[in-house]
Amino acid sequence: MSRPVHFEIHATDLEAAKTFYAAAFGWEYQDYSEFAGMPYFGIVTGPDTEMGINGAIMQRMGSFDGPGAPVNGAVLTMGVADFDETAAKIEAAGGQVALPKYALPGMAWQGYFMDTDGNVFGIHQPDENAA
């Protein structure tokens with residue numbers, strides 16, 4: 001069983017999005033852009049002693065035009081033990097690749113899929129050898 005571990009909000013105007021969510025929810029940010037190789041700001045949604053997950057605001061990479069296009073909206077990411085095995089299960093269940101597997105160097109493998117209703121979600125396999 002896989003549980004949600006992370007969410008991402010893809011935004012065209014990162015500063016406006018950061019300002020909005022900070023004002024609306026009191027979220028704080030950590031700049032992971034250098035690590036991620038793109039504009040990427042970790043979101044701290046609250047203290048670790050409270051229930052919930054943290055996420056990120058990242059740069060939307062173009063206009064949304066369907067499969068293979070940049071993500072439009074917010075994405076829930078599930079932690080998985082084996083990216084390729086989980087990807088195969090997703091596709092066998094009728095899902096499709098939205099953005100292919102890629103490395104977060106020294107951290108994990110990440111990728112995005114569409115469910116049978118067109119909703120995008122991510123899977124994340126921790127792997128400090130990812131490159």
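Quick note: the coordinates plus some simple rules give every number you see, no bench work behind them. These figures come from a predicted structure and were not determined experimentally. Don't worry about glycine lacking a Cβ; one is built from the backbone with ideal geometry, like all the others, and counts go over all protein chains shown.
Just the residues that are part of a strand (DSSP E or B) and either of a type in the set (D, E, K, R) or in contact with a Lys or Arg (Cβ under 7 Å, 6 or more places away or on another chain) (or both), please, taken from region 79-109.
The first filter runs over region 79-109 and keeps only residues part of a strand (DSSP E or B), leaving 79, 96-104, 108-109.
Residues satisfying the conditions are Gly79, Lys101, Trp109.
Annotation note: Cβ proximity below 6 Å between a residue of region 75-91 that is surrounded by 12 or more Cβ atoms within 10 Å (Cβ to Cβ) and a residue that is in a helix (DSSP H, G or I) (sequence gap 6+ or interchain) occurs for Val80/Thr86. Every condition in (1) buried (at least 18 other Cβ atoms within 10 Å of the Cβ); (2) in a loop (DSSP other than H, G, I, E, B) holds for Met61 except the one numbered (1). Report, by residue number, each residue of region 97-131 that is more than 15 Å from the chain's Cα centre (by Cα) and surrounded by 20 or more Cβ atoms within 10 Å (Cβ to Cβ). Hits for region 97-131: nothing passes.
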